[in-house]
Amino acid sequence: MLGSSIAGRARQPLKKLWSSRLAVPFRPASSGPVRYWQDQVRLAVKAAIAAVGAWALARYAAGQPGPYFAPLAALLGVYPTVARSLREGLSYVAGFLLGAGLAIPAGVLLGPGMVAIAVVVVAGILVSGWRRLGDQGPQVTFTALFALLVGGSAPLGYVTHRMIDVGIGVATGIAVNVLLFPPLQLRPAEHAISQWGDDIASALEDLSSAAADPGSGMKSWPRHDRQLTVAAERARAAAKHARESLRWNLRATARQAVPPPDSRVLDSLEVLTARIRAVARSLPDLTTVNGPDQGLSSFSKNYAAMLQILTDPIRKLADLRDSPPDAALSSASDCQDHLERQAARLPGHSDARSTAQHLARLTDDILGEVAEHHGADHSDPDHSDPDH
């Protein structure tokens with residue numbers, strides 16, 4: 001039978017479980033706790049180098065007495081991405097300058113008293129609301145208060161020295177982050193996108209079982225539905241983080257073993273997720289009308305085979321290494337044509353025929369999305385279905 005032969009040709013590649021068990025120092029991790037702690041260790045080491053280097057430069061090269069602002073500012077130049085380090089470092093400098101601009105006139109005109117404190121706090125909070133400052137907005141009020149209370153009635157000299165510390169610290173932190181293993185977040189994005197494809201394929205496998213055995217029900221579908229939502233959110237977030245890690249990154253110009261996230265792949269996975277949810281909503285209607293009719297029973301078995309054979313191409317679609325088109329697309333195209341002919345032969349204007357044709361349209365959309373991504377054409381120019 002067509003269904004059994006197609007199901008026999010469908011193969012799900014076994015995952016190499018041992019690959020996730022290799023020792024941490026010998027390979028870069030994709031995601032999870034191993035990757036998290038690798039990134040944290042690198043970040044901690046770079047932060048320590050930046051803080052010590054900023055202190056030494058400010059203290060011994062610039063001759064600053066007690067340059068405590070230098071290591072603090074250096075930490076702002078060591079973020080998980082170079083682009084964010086630049087953004088946060090410049091925002092910190094802007095916040096410091098604005099805070100100093102509030103403290104100097106308040107200290108000179110009012111002195112370090114309660115009135116001046118109230119003025120700089122109110123003004124600082126209002127200025128810190130400027131969205132361009134981002135997370136560094138509170139720095140305005142902090143700097144204003146610090147300069148007012150420590151600098152007293154002559155805050156200009158205090159601010160001048162601290163500004164040198166801040167400049168050295170931010171520049172040192174950014175330099176360390178740019179030059180010393182600038183972080184790239186491509187592997188977590190690759191893993192998250194691949195996981196999304198795996199979750200879609202796993203959902204299809206369960207739907208295939210439900211189509212082949214209508215009495216089994218769809219008890220596992222709510223779990224798959226939740227997994228698809230989580231996988232989509234993680235993949236989108238990881239792809240955004242990966243793209244940001246490429247900006248202003250010297251390593252981004254070199255050839256990478258892991259390709260950057262492809263927006264077309266993400267969009268295709270989004271479409272496939274929606275289509276599979278539509279299949280899950282319509283499949284119970286097929287099992288409801290499925291009775292003694294042999295044509296509908298045969299359609300159900302072949303539909304199960306179709307869902308099964310689509311799983312491997314979907315997994316390959318989510319592979320950012322640009323795998324070649326799978327031979328399964330040809331088998332899936334043949335199966336799709338057969339499904340549409342079967343649906344058209346069911347009794348006219350019946351619930352069974354309407355449900356079968358709707359399900360066939362959904363798999364045709366899924367197959368079309370996968371084939372378009374692989375640059376293949378699943379359509380048959382000699383095939384025509386007046387009901388499709």
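The residue among A144, V120, W37 whose Cα reaches farthest toward the positive pole of the charge dipole of the stretch 28-179, with charges on the beta-carbon of Lys, Arg, Asp and Glu, is W37.
Sorted ascending by nearby beta carbons within 10 Å, beginning with the fewest, T172, T273 become T273, T172. Can you tell me the FRET efficiency between R131 and S297 if r is taken as the Cβ-Cβ distance and R0 is 56 Å, rounded to the nearest 0.05? With R0 = 56 Å, the Cβ-Cβ based efficiency is 0.35. Among the listed pairs K46/K316; K219/K240; K219/K301, those whose Cα-Cα separation exceeds 29 Å are K46/K316; K219/K240. Using the average count of surrounding beta-carbon atoms within 10 Å as a protection proxy, the listed peptides 66-79, 96-109, 38-51 rank, highest first, as 66-79, 96-109, 38-51.
Among 312-319, 123-130, the peptide with the highest mean count of other Cβ atoms within 10 Å heads the list, and the full ranking is 312-319, 123-130. Using r as the Cβ-Cβ distance of M163 and A327, and R0 as 56 Å, what FRET efficiency do you calculate, to the nearest 0.05? It comes to 0.25. A simple rule links phi to the HN-Hα coupling: the Karplus curve 6.51 cos²θ - 1.76 cosθ + 1.60 with θ = phi - 60°, which for the stretch 163-178 gives 5, 5, 4, 5, x, 5, x, 5, 4, 5, x, 5, 4, 5, 5, 6 Hz, with x for Gly and Pro. Computing Rg and the Kirkwood Rh from the Cα coordinates of the stretch 28-179 gives a ratio, Rg/Rh, of 1.06.
For the stretch 28-179, the residue among G77, V178, P105 whose Cα projects farthest onto the positive side of the dipole built from Cβ charges is V178. Placing dummy labels 7 Å off each Cα toward the beta-carbon, the span from F181 to S282 is 5.1 nm. Note that the stretch 61-72 has calculated 3J(HN,Hα) couplings of 7, 8, x, 7, x, x, x, 5, 6, 5, x, 5 Hz, one per residue in order, obtained from phi through the Karplus relation 6.51 cos²θ - 1.76 cosθ + 1.60 (θ = phi - 60°); glycine and proline are x.
Between D319 and R251, residue separation times 0.36 nm minus the direct Cα-Cα distance comes to 22.2 nm. In this label model, A62 and R226 are separated by 5.3 nm, measuring between points 7 Å along each Cα→Cβ vector.
Bear in mind that the values in this text are calculations on the coordinates, not laboratory data. Given the structure is predicted, the values throughout are model-derived calculations rather than measurements. Note: ideal-geometry Cβ built from the backbone for every residue, glycine included; neighbour counts use all protein chains shown.
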